[in-house]
Amino acid sequence: MSMYDVVREWAPRVADAPLRAFMEAATPDDVARVLRKERLSPHDLLTLLSPAAATRLEDMALRARELTVRHFGRTIQLFTPLYLSNHCTNQCRYCGFNARNHIPRQRLTDEEIVAEGRAIAATGLRHLLLLTGDARHVSGPQYIAHAARLLAPLFPSLSVEVYSLTDEEYALLVDAGIDGMTMFQETYNAALYPELHPAGPKRDYHFRLDAPERAARAGMRSVGLGALLGLDDWRRDAFFTALHGYWLQRRYPYVDASFSVPRLRPHAGAFQPAHTVSDHDLVQVILAYRIFMPSAGITVSSRERAGLRDNLIPLGVTRMSAGVSTAVGGHAVREQNGHAARKDVEGQGDGGGATPQFEISDPRSADEMAAAIAARGYQPVYKDWESVLDGGYGCGIACAARRTPSSELAGNFTPAAPSATA
Amino acid sequence: MTHDTHDNDTLVIGGTALTSRLFIGTGKYGTDSLIPDVAGASGSQVITVALRRVDLANPRSNVLAHIPSHMRLLPNTSGARTAEEAVRIARLAQAAGCGNWIKIEVISDSRFLLPDGYATARATETLAKEGFVVLPYMNPDLYVARDLVNAGAAAVMPLGAPIGTNRGLRTAEMIGVLIEEIDLPVIVDAGIGKPSQACEAMEMGAAACLVNTAIATAGNPVAMARAFGEAVRAGRAAYLSGAGPVAAATADGANASSPLTGFLGE
Amino acid sequence: MTIRVNGQQMECETGTTLLQLLERMALRPEAVVVERNRAIVKSGEYGATRLDQGDELELLHFVGGG
């Protein structure tokens, strides 16, 4: 049984009509009942995503804060992305790296990778997220692993957010010292997915959906999930994202599952989201994720503006990006030219940098983010985790992975709870 | 998208649907002739028995003669100190024509009588592969429980307190973890001394309770069996009904002076 | 010939069957399960099982247990 089977089982139950019926039937009393529960069922998760829950956001926020402080303390971990390459063979309709966009394509050389790494390390950041476009002939798994080995001396924790890999390729990355992966399914709606991804390897919904599981099997310590909110009904995609994390965590108990909440913002000339996701909606999704999975990390990226990000700090968020550039080579460029040269920041000039994947809304540096986090009474964490033994953790995970066979026996997922048979 | 209701609430183990969630034992009775009345009063459908060498000098009557024919027999492997002995006893029990259910019990510490999780998992794996419906008795340890799941167990049976102590749900927190994490029926075995404790286990979401000593050693075992049957039903009904409001301790500024989501209205 | 039954030495005539032994001991065949030299004897085969010198038998039955 894979996540694919879980989606297939649930998709008819949260198709438009039954989902609307459930959402209309949910009451504020139902929400209050869910907030008192220790263990939440998938139905409870849906209740937290309902319009009724939207009228109880403050109650949800109090519960979410309590759970977050209990599991994480008052801390926010900082990280930054490093774009290795923007070569891409996909045509995701919402993405700036879309193969049909005529933008300069670039892949960092060894020297450029090290220069980017040094520029980032100089800001104090120690958690790095490596990104590439989907172009195996340019930025293949070997290239990513090679980049990780170049960067490992500077960063105790390296994660990747790249195209879907095979079991063997994830194992290759784990061997290279990469301990985390993020994979956005974009939308869990299998009918909508091919419309948004008209060409390229990413068109394979199923292969992408099961990528987090392959990564977990290969020994990735941390696995991040997310739907690009706004592509489909955000309630349905948020529901499946949380279900995905829950399922993965139960099947691979050694994995730290986490969620990201990227959302599409409407703006001129670009892809327009089919479903608008307001700040209010975004907060509801974050709170629902937290209350459904109290131990899961939640990441808010610099897609969101500074003021909103600051307000989200006490609501369940555990990770935030800082000093962000979504352009290839953006960090070293900034070091040379100063802040004003950044093209990837909304409303800023056209100076010198490469094309960004998306426009960011919070241009704050690591220092500025740390100060904002501290001002809210939280501690900014630059280095949250480091392997105790060189290569030791991977071995431990591999041992744990061996104890969890991929047969049906492990993590049989029973959607309805409380279950009538158990 | 309806929630489960109390109707048709059955516990399915090894393909068998049970309507009673109380398992009873046959040990420690003053006289085995009480067993039919105890079984009837409890409403139980599953009853445990043990396998022993015949005492050649004094062959006693067979306990099976006292067990109502509709009940599912659950032989245990008591007396086994190793996985191999447990496997051997299980095969003998099956050969005796008592079906293919087996409660694995591997105990090599005769002072505390606590089960050996590693040996239990090994015996479970062997027997599940042979087609047994394996219900292992265990400490409520998450890792052992996962090993048992992987070994093919049909349920896990964590102890509430050391066997025969009647001390209640001393391990409630850990049993709660198993109920949350393990996708198999969690049957609380050992330690339950009073009906209220069985009820509490069921309210927590246990799939069933196994009660032997508390019934067998009661002043009136038949009346106590009835009380346990009612307690288990009440606890199960409460679990399915969803807990009502409990006045929560105000946590971490639960009455914040400035609302956490106030910024959304700005 | 000499056999061992539940750890005790016992004499019986050559050619005795398992069923005959159980009857001699006043045990009902359907109430016991028998292990002969570590191998389980199926209940339908007691009459056809001829005991040999040195056989080790375990006779077990169900008793109360939790």
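The values are calculated or read from the model by the stated rules, or taken from the named source; none is laboratory data. All of these numbers come straight from a predicted model, not from anything done at the bench. Virtual Cβ from ideal backbone geometry, glycine too; neighbours counted across all protein chains shown.
Here are the numbers for the structure shown:
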{"quantity": "A:Met220 surrounded by 22 or more Cβ atoms within 10 Å (Cβ to Cβ), at pLDDT 95 or above and under 19 Å from A:Ile144 (Cβ atoms)", "calculated": "no"}
{"quantity": "Residue in the range B:87-99 that is of a type in the set (S, T, N, Q), out of contact with any helix residue (DSSP H, G or I) (no Cβ under 8 Å at 6 or more places or on another chain) and assigned to a loop (DSSP other than H, G, I, E, B) present", "calculated": "no"}
{"quantity": "Qualifying position, being within 14 Å of chain B (Cβ to nearest Cβ) and modelled with pLDDT of 95 or more, among A:Met60, A:Met1", "calculated": "A:Met60"}
{"quantity": "The range A:205-249, residues that are of a type in the set (D, E, K, R) and either closer than 14 Å to A:Met3 by Cβ or in a helix (DSSP H, G or I) (or both)", "calculated": "A:Arg208, A:Asp210, A:Glu213, A:Arg214, A:Arg217, A:Arg235, A:Arg236, A:Asp237"}
{"quantity": "Condition met for B:Ile179 (aliphatic (A, V, I, L, M), away from chain A (no Cβ under 13 Å) and touching a Gly at 6+ places or on another chain (Cβ under 8 Å))", "calculated": "no"}
{"quantity": "Answer residue from the range A:32-53, given it is more than 23 Å from the chain's Cα centre (by Cα), more than 10 Å from chain B (Cβ to nearest Cβ) and among the small types (Gly, Ala, Ser) and is nearest to A:His244 (Cα to Cα) among those", "calculated": "A:Ala53"}
{"quantity": "Condition check for A:Ala99: within 13 Å of chain B (Cβ to nearest Cβ), aliphatic (A, V, I, L, M) and either within 25 Å of the chain's Cα centre (by Cα) or not in a loop (DSSP other than H, G, I, E, B) (or both)", "calculated": "no"}
{"quantity": "Residues located in the range B:37-53, provided they are touching a helix residue (DSSP H, G or I) at 6+ places or on another chain (Cβ under 6 Å) and either away from every other protein chain (no Cβ under 11 Å) or modelled with pLDDT under 85 (or both)", "calculated": "B:Asp37, B:Val38, B:Ala41, B:Ser42, B:Gly43"}
{"quantity": "Scope the range A:198-229; condition among the charged types (D, E, K, R) and closer than 23 Å to A:Gln91 by Cβ; matching residues", "calculated": "A:Lys202, A:Arg203, A:Asp204, A:Arg208, A:Asp210"}
{"quantity": "Any hit, the range A:142-164, residues being at pLDDT below 95, under 21 Å from A:Leu228 (Cβ atoms) and in contact with a strand residue (DSSP E or B) (Cβ under 7 Å, 6 or more places away or on another chain)", "calculated": "no"}
{"quantity": "Residue that is of a type outside the set (Gly, Ala, Ser) and buried (at least 20 other Cβ atoms within 10 Å of the Cβ), where the choices are A:Arg63, A:Arg93, A:Arg100, A:Arg105", "calculated": "A:Arg63"}
{"quantity": "Among (1) within 12 Å of the chain's Cα centre (by Cα); (2) not in a strand (DSSP E or B) - the single one B:Pro158 does not satisfy", "calculated": "(2)"}
{"quantity": "Residue ID - nearest to B:Ser110 (Cα to Cα), chosen from residues in the range B:128-169 that are charged (D, E, K, R) and either buried (at least 21 other Cβ atoms within 10 Å of the Cβ) or at pLDDT below 95 (or both)", "calculated": "B:Arg167"}
{"quantity": "Of all residues making up the range B:59-71, the number that are of a type outside the set (D, E, K, R) and either assigned to a loop (DSSP other than H, G, I, E, B) or away from chain C (no Cβ under 12 Å) (or both)", "calculated": "8"}
{"quantity": "Some residue of the range C:35-49 being surrounded by fewer than 12 Cβ atoms within 10 Å (Cβ to Cβ) and in a strand (DSSP E or B)", "calculated": "yes"}
{"quantity": "Conditions (1) crowded, with 18+ Cβ neighbours inside 10 Å; (2) modelled with pLDDT under 95; (3) outside any helix (DSSP H, G or I); number of the one not met by A:Phe271", "calculated": "(1)"}
{"quantity": "Given (1) outside any helix (DSSP H, G or I); (2) modelled with pLDDT of 90 or more, number of the condition A:Lys383 does not satisfy", "calculated": "(2)"}
{"quantity": "Test result for B:Pro140, under 28 Å from A:Tyr246 (Cα atoms), in a strand (DSSP E or B), in contact with a strand residue (DSSP E or B) (Cβ under 6 Å, 6 or more places away or on another chain) and free of Cβ contacts under 8 Å to residues at least 40 places away in the same chain", "calculated": "no"}
{"quantity": "From the options B:Leu56, B:Leu74, residue that is aliphatic (A, V, I, L, M), outside any loop (DSSP other than H, G, I, E, B) and within 14 Å of chain C (Cβ to nearest Cβ)", "calculated": "B:Leu74"}
{"quantity": "Qualifying residue in the range C:17-26 (condition: within 11 Å of another protein chain (Cβ to nearest Cβ), touching a Gly at 6+ places or on another chain (Cβ under 8 Å) and not in a loop (DSSP other than H, G, I, E, B))", "calculated": "no"}
{"quantity": "Residue that is within 13 Å of another protein chain (Cβ to nearest Cβ), crowded, with 23+ Cβ neighbours inside 10 Å and modelled with pLDDT of 95 or more, where the choices are B:Ile102, B:Ile89", "calculated": "B:Ile102"}
{"quantity": "Test: residue in the range A:68-81 that is among the aliphatic types (A, V, I, L, M), touching a residue at least 24 places away in the same chain (Cβ under 8 Å) and surrounded by fewer than 19 Cβ atoms within 10 Å (Cβ to Cβ)", "calculated": "no"}
{"quantity": "Members of the range B:173-190 found to be of a type in the set (Gly, Ala, Ser) and touching a helix residue (DSSP H, G or I) at 6+ places or on another chain (Cβ under 7 Å), listed by number", "calculated": "B:Gly176"}
{"quantity": "Pair list, Cβ under 7 Å, 6 or more apart: the range B:82-103 residue on the phi > 0 side of the Ramachandran plot, other residue in a helix (DSSP H, G or I) and surrounded by fewer than 22 Cβ atoms within 10 Å (Cβ to Cβ)", "calculated": "B:Gly97/C:Ser43"}
{"quantity": "Residue tally, condition in a loop (DSSP other than H, G, I, E, B) and without any contact (Cβ under 8 Å) to a residue 12 or more places away in the chain, over the range A:102-129", "calculated": "2"}
{"quantity": "Criterion violated by C:Val5 - all others in (1) among the aliphatic types (A, V, I, L, M); (2) surrounded by fewer than 17 Cβ atoms within 10 Å (Cβ to Cβ); (3) within 7 Å of chain B (Cβ to nearest Cβ) satisfied", "calculated": "(2)"}
{"quantity": "Matching residues, the range B:182-201, being surrounded by fewer than 19 Cβ atoms within 10 Å (Cβ to Cβ) and within 11 Å of chain A (Cβ to nearest Cβ)", "calculated": "B:Asp183"}
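The rows are residues; the columns are (1) surrounded by 23 or more Cβ atoms within 10 Å (Cβ to Cβ); (2) assigned to a helix (DSSP H, G or I).
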residue: A:Arg290; (1), (2): yes, yes
residue: A:Ser295; (1), (2): no, no
residue: A:Ile298; (1), (2): yes, no
residue: A:Ser302; (1), (2): yes, no
residue: A:Asn311; (1), (2): no, yes
residue: A:Met320; (1), (2): yes, no
residue: A:Val324; (1), (2): yes, no
residue: A:His331; (1), (2): yes, yes
